1. Carbon and sulfur atoms: what percent of the 1.4 Å accessible area of the chain do they account for?
2. Given the Cα-Cα distance of Ala216 and Ala245 and 0.36 nm per residue of separation, how much length would full extension add, in nm?
3. Mind checking which of His118, Ile145, Gly60 is farthest towards the positive end of the range 55-162's charge dipole, using Cβ charges of +1 (Lys, Arg) and -1 (Asp, Glu) about the Cα centre?
4. For Asn358 and Arg9 in one chain, what is 0.36 nm times their gap in residues minus the Cα-Cα distance, to one decimal in nm?
5. Helix-derived [θ] at 222 nm for the chain: sum -39500 (n - 2.57) over DSSP H runs of at least 4, divide by residue count, nearest 500?
6. Separation between the Ala366 and Asp252 pseudo-spin-labels, each 7 Å from Cα along Cα→Cβ, expressed in nm?
7. Which one, Pro215, Leu348, Leu16, projects farthest toward the positive side of the charge dipole computed for the chain from Cβ point charges (K/R +1, D/E -1)?
8. Taking the alpha-carbon distance from Lys312 and a cut-off under 12 Å, which aspartates and glutamates remain once sequence neighbours fewer than 8 residues away in the same chain are dropped?
Amino acid sequence: MPGPSALFRPFSLGSLELANRIVMAPMTRSKSPGGVPGEDVAAYYKRRAENDVGLILTEGTTIDREGASFDPAIPNFHTEEALHGWARVVEAVHAVGGKIAPQLWHVGLARKPGTGPHPDAPSDSPSGVLPDGKIIGEPMTAEDIADTIAGFAKAAKAAVDIGFDAIELHGAHGYLLDQFFWDGTNKRDDRYGGGLVERTTLVQEIVRAVRAEIPADLPVILRYSQWKQQDFEAKLAYTPQELEAFLGPLSDAGVDMFHASTRRFWLPEFEGSDLNLAGWSRKLTGKPAITVGSVGLNSDFMGAFMGESSQKSDINALVERMENNEFDLVAIGRALLSDPAWARKVRLGQFDALEDFNAEALKELA
């Protein structure tokens, strides 16, 4: 097996200085009662940071919008108690030399009415319509959109005040920002709807609002995906040219790095090239990119929610692609749940000591 040295090169972007290229992927845990991350959450992230994870991306944490969350145990990023909790998380990660960024989130129409910390609130969405055409709500008004943009900007400022090292916006997987990207859910006829480029307008405005509240050198990461929870085969862009048209305005608005979410990192995104989605993101924008998707495991993550475990697999292909500079960072999800020391074991070449993923790991903050 090739040595893992490519994964352990330092990385810098603006004010963000990382010891290596390994990122903890954001994973919803629903272990923050009342939306407040406790000492157990701080210890959970600290364990990964002290075991050589270069950058922690937190689980999705919701902005100050009543319909932003579908679970009261998902952490929020706006109440005084939750922000105090996040400050303890940052302190714990920094104490062991780690770096951390919050993933700011609004679930949009993925929230069923009557759920979350504000069950009487409506669920936000671009058009109130599902991909199959079923109407289940009202489109967001101009005031709703303005309040949502302000909510992301407010959260970004809070992240800076707390001491986070970067910010990630969750624009993937069929949640609110992705619902504006996707023609299946965005049927608006104002400036927030239309063609592929026009459907990026909301996120462009969010990025600019966030940038206005944070230091110029603090990185803003955008997580995006082609696939949706509602449709694994969904596409935003069918060709490199369409992907370039989609990413260009977002890059120009101030995204510093693209976190290209795929279910299996080794699959090529377009015919005629071996590049995956992160590789294309880097090639087309010139911005750094994070790859993700079943790294170190032999099956994708969807089965985990049905109690399925996964066996460890080698990372030869990952290392080779890192050596070729196809992408800049690699996000690890389930492998870090069952094995908090995954990154350290890889650094030391202790591949036989890596653990399989056991779905029981989802039940506790180990």
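1. On the way: 7060 of 14190 Å².
Carbon with sulfur: 50 percent of the solvent-accessible area.
2. Working: separation 29, 0.36 × 29 = 10.44 nm, distance 2.48 nm.
Between Ala216 and Ala245, full extension yields 8.0 nm more.
3. In the range 55-162, that residue is Gly60.
4. Numbers: separation 349, 0.36 × 349 = 125.64 nm, distance 2.96 nm.
Length difference between fully extended and current span is 122.7 nm.
5. Values: 10 runs with 107 residues, N = 366.
Mean residue ellipticity at 222 nm (helix-derived): -9000 deg cm²/dmol.
6. 4.9 nm
7. Sorting the options by dipole projection puts first Leu348.
8. Asp300, Asp339, Asp352, Glu355, Asp356
The values are calculated or read from the model by the stated rules, or taken from the named source; none is laboratory data. Just so we're clear, the structure is a prediction, and the values are computed from it rather than from any experiment. Ideal geometry is used to build each Cβ from the backbone, glycine not excepted, and the neighbour counts take in all protein chains shown. Each accessible area value is taken on the protein alone, full model and side chains, heavy atoms only, with ligands, DNA and RNA left out. Shrake-Rupley method; radii C 1.70, N 1.55, O 1.52, S 1.80 Å.
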